[in-house]
Amino acid sequence: MLPGDNVLVRHMKQVCLFGEGVEGLRQSGKPSVVRIMPRGPKPAKRGRQPKLRDLIPCRIDVPNDQIGWRAAVKDRGVAGCEHASTHGHGSVPFDVADLPRNRRSLHLRIQRARRKCTACGAILVQTIPSVDEAHAITMRMRHDIFYTAIKHPFEQAAGMLGVDARKVEDVFSEHAAMLPPTVTKLPKVICIDETDLAGDFRFICYDPVGGTIVDILPDMTQATIEAFFRGITNRLEVETVVSDMRAEYLEMVTRFFTAALVIDRYHVVEPVNRAMAKARGRVVAAFKREKGKGSGEKGFKVRSVDHLLGRRWARLDKAQRAELARIWKLRFTGDLLEHGKPAPLEVADGRYLCRAYRLKEDLQEVYELKSADDARAALHGLIARGRADPLLRADFEDALNLIENHGELILNFYKDRRTNGFAEGMNRCLKQIEASQIGIGFDHLRAKSRLRYGTLIDREALKAY
């Protein structure tokens, strides 16, 4: 043992941990348990127990013709010396971290021989097989550090494996640097979207059929996206591209691909729901002017059923439908414009809220039709119906214009009924990676995302970590 090691009296049982991942090493002594005392100038807190570490003495066991030697100290000796003549110079121990066992960290103390060059005086040491000497870890430990860091924050991975968090980050960064910088081929169906990651909005490409992430770009500028599309070698093989209504995306997809461009269903339903919320706000404002003098519903707040107005009718139970029916029966008792005059026929009361809700439901039910022709006819009728009603036209005008301007791209949905639902779900997964590790940079976030949800490694093997 080295000076300073606090070895327990009891010894571990003889173990056989050598094999795959530590080839060329053999156990040379009885294992022991070492106390690791707290570091730093301040004494340990009262009642705090020192950490325990398993320590196994080892030796290098390889054929003589496979023994490698390297300089122990850089810039020592004569440059260009081939160290042809050497003599023994003792041995030196070298501790490396191995996979933890029984929830305790495990270190291998490897005794490595030294030799001295008679010509230049350089000190040579044996190279250790199956060991990453730069980080003082075994190769199987390096493998587990990399895979554990993919699924867990660096601090958590370090605690699970009994190593320093900085070492986990360095090992992960070295592996991430060897990944392909970008992709050159796309699947037949892709979803494109953007989301806020690591302090900026990033352009993301997904494969909804394979359930994987294709790539994350550092930003969502037009120049960056165009460079990404230009690097794709199989653009003509892409059959469907699902996107939102961002004009830049629509223009670039049309220019670079011959695939069918589909505007995502969510980005059509969302403005319709916003219009419904606007109609609800109109009714609330009208009842505030009336000071809650609805017939039999004095002081009733339409805001209390706001969550019901945003839901589909088929998903409401009997009590919720009855609650909406009661709201639709609200009528005004006074004039909204001048006191003493009868109320106009078209006012924002319960009847208008009912018309707005039915228009919202009919617009969303278009996606349940069987063919694009049926959907096209239904959309034309609904747009005309919405514009014929002055109040509906005021609240739903933006949504109706959007549907009319992008009608054919919306109807491409019926070719294979693709949506961006997978992309929206994956965006939440990426945000969870960011939230689990505060301060993570974009490069690490991109590497973790591509490794965990991409095709760079075997995702089945990742489940074990």
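In summary, A97 fulfils each of the numbered conditions (1) part of a strand (DSSP E or B); (2) among the hydrophobic types (A, V, I, L, M, F, W, C); (3) over 30 Å from S449 (Cα atoms) with the single exception of condition (3).
What are the residues in region 143-172 that are more than 23 Å from L52 (Cβ to Cβ), of a type in the set (D, E, K, R) and out of contact with any Lys or Arg (no Cβ under 8 Å at 6 or more places or on another chain), if any? Passing the criteria: E169, D170. How many residues are of a type in the set (K, R) and in contact with a helix residue (DSSP H, G or I) (Cβ under 8 Å, 6 or more places away or on another chain) if we restrict to region 124-165? The total comes to 2. Looking only at residues of region 112-163 that are in contact with a Phe, Trp or Tyr (Cβ under 8 Å, 6 or more places away or on another chain), of a type in the set (S, T, N, Q) and under 26 Å from S91 (Cβ atoms), we find that the one that is surrounded by the fewest Cβ atoms within 10 Å (Cβ to Cβ) is T127.
For region 430-465, filtered to residues that are at pLDDT 90 or above and of a type in the set (F, W, Y), the residue that is nearest to A176 (Cα to Cα) is F442. Look at K293 and say whether it is modelled with pLDDT under 85 and either among the hydroxyl-bearing types (S, T, Y) or exposed (fewer than 15 other Cβ atoms within 10 Å of the Cβ) (or both). Yes; evaluated as a whole, the condition is true for this residue.
Counted as qualifying within region 366-458 are the helices (runs of 4 or more DSSP H) with 2 or more residues that are within 29 Å of the chain's Cα centre (by Cα), namely 407-411, 413-416, 421-436, 442-453. Within region 175-192, if we keep just the residues that are surrounded by 15 or more Cβ atoms within 10 Å (Cβ to Cβ) and more than 18 Å from R235 (Cα to Cα), the residue that is farthest from the chain's Cα centre (by Cα) turns out to be H175. If you go through region 221-275 and pick out every residue that is in contact (Cβ under 8 Å) with a residue 40 or more places away in the chain, out of contact with any strand residue (DSSP E or B) (no Cβ under 9 Å at 6 or more places or on another chain) and assigned to a helix (DSSP H, G or I), you end up with 10.
The values are calculated or read from the model by the stated rules, or taken from the named source; none is laboratory data. Since we're looking at a predicted model, the values are computed, not measured. Methodologically, a virtual Cβ is constructed for each residue, glycine included, from the backbone with ideal geometry; neighbour enumeration extends over all protein chains shown.
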